[in-house]
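Take a look at the structure below.
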């Protein structure tokens, strides 16, 4: 027998060692399989029961142990995603719709707070759904930024435009765990061609200014310059009125958007409160469940105590009775606590539903009425401002018109005065030539005035009865025509009354010698009254 015992003992020891080794191998393999490493281009998200109050634990790089049953894991990719934003028809501050096609590069951030946001909102979403969420956020913020800038600020101050885009878009996409890597604005155009017209307008203004400067050296250039200035002021007034109208509309849209966001914030806040209270109620329920498990363990311990108390029936019965009494008390206390927890949770749920309903009523009923009221007030203010600016622009245009006409007349008179001055300088040697030249310049108008004396005579037919009496040297027909011509103002007489002697090329007037003493006296009387008449002096 001793020999047999010594032969069996080493086999038993070897079997025990082998079992321990197998257990250690399986345990090591199990631990190795549950230890998860995180690549550098991913974020390891461990969810389930994790330390702290967070819903998940995020790790970038390194590794962590994932406990079975109570924990699990997933990965979030850090690869950048390119999002095309084909923004068209965005309303600017001065009420001009612009097209701003852009490319945004975004990615999940490695910041601890932003990683937790991404784990809560983007986990298990594919790249297409992530891009759709980011695209909606970027489109809204890009339209909001454009609405706060005028078309000139968007086109000229690109640094301010990009700064506002990075600030607004970055803050919004951070809420879902993304960060803005790069923004590329490909082109900025507008439906009305206003941006391209800005450059053309600058070139045209330079050309017009040069033309106006050249025309200012000429005699009739002042009129064109005045008309250009008048059109410029009218256009500036019109554009200013349109800019004011667009600014008011943009402010109206901004107020409406802010009111809508505040309503959404109220609703979200009520929803968050409700979720928090529900989570507290769930934790209380879990506490109650743990308490029930403790009662179950207590029952097992009591049963063991009853099994070990068989030695004395009286003692065991007393212990059983005492244990039953304590058990009844514990059950009653647990039942009371469970009822209180259920009532508290129900009250919290009802309170959250009440707040949610109040928020919904405020958003659906009061907010639209307040927005409509503000819209009517803004529209009335914009209409009044538009009428004031239009009236002011029309008044300024009329004032500039009359100022331009006065300046043009003044330039013409100054040019004539300069011409008369040069004419007088040219006629220094013979001053009588200057009035003669001026009289010759006015001859077409004088002849026209002479023609007007008979142009309205309507003579359908002239019948002349010639008696044949030619004693005075002419017939009746000749006398009629000479009388008709004699009724016209004599050109030489008009010149003589003005103190001007016409040149010989226009003919000479032959003076008839007086035949009687009365005619000679009349001629002397006329000569005294008109000293410049050559005929009078000869008489």
Taking the Cβ of each residue in 67, 124, 104 as the centre, tally the other Cβ atoms inside 10 Å and list the residues starting with the fewest.
-> 124, 67, 104
So between residue 334 and residue 276, what do we pick up on full extension, going 0.36 nm a residue minus the alpha carbon distance?
-> 18.4 nm
Could you compute the FRET efficiency for residue 240 and residue 261, with r as their C-beta to C-beta distance and R0 at 45 Å, rounded to 0.05?
-> 0.90
With r defined as the distance between the Cβ atoms of residue 392 and residue 201 and R0 fixed at 25 Å, what FRET efficiency is calculated, to the nearest 0.05?
-> 0.65
Expressed in nm to one decimal, what extension gain is obtained for the pair residue 371 and residue 35 from 0.36 nm per residue of sequence separation less their Cα-Cα distance?
-> 115.3 nm
Each label sits 7 Å from Cα toward the beta-carbon; between residue 288 and residue 353 the label points are separated, in nm, by 1.7
What's the extension gain from residue 166 to residue 20 if we count 0.36 nm per residue and subtract their Cα-Cα distance?
-> 46.4 nm
Go ahead and run the numbers for FRET between residue 113 and residue 414, Cβ-Cβ distance against an R0 of 56 Å, rounding to 0.05.
-> 0.10
Given labels modelled 7 Å from the Cα in the Cβ direction, how far is it in nm from residue 53 to residue 436?
-> 11.5
C-alpha center-to-center spacing [segment 142-166, segment 329-357] in angstrom = 53
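Every read-out reported here was derived from the displayed coordinates using simple, explicitly stated rules and does not represent laboratory data. Predicted, not measured: the structure shown is a model, and the values here were computed from it. Quick reminder, even Gly has a Cβ in these numbers, built from the backbone with ideal geometry, and neighbours come from all protein chains shown.
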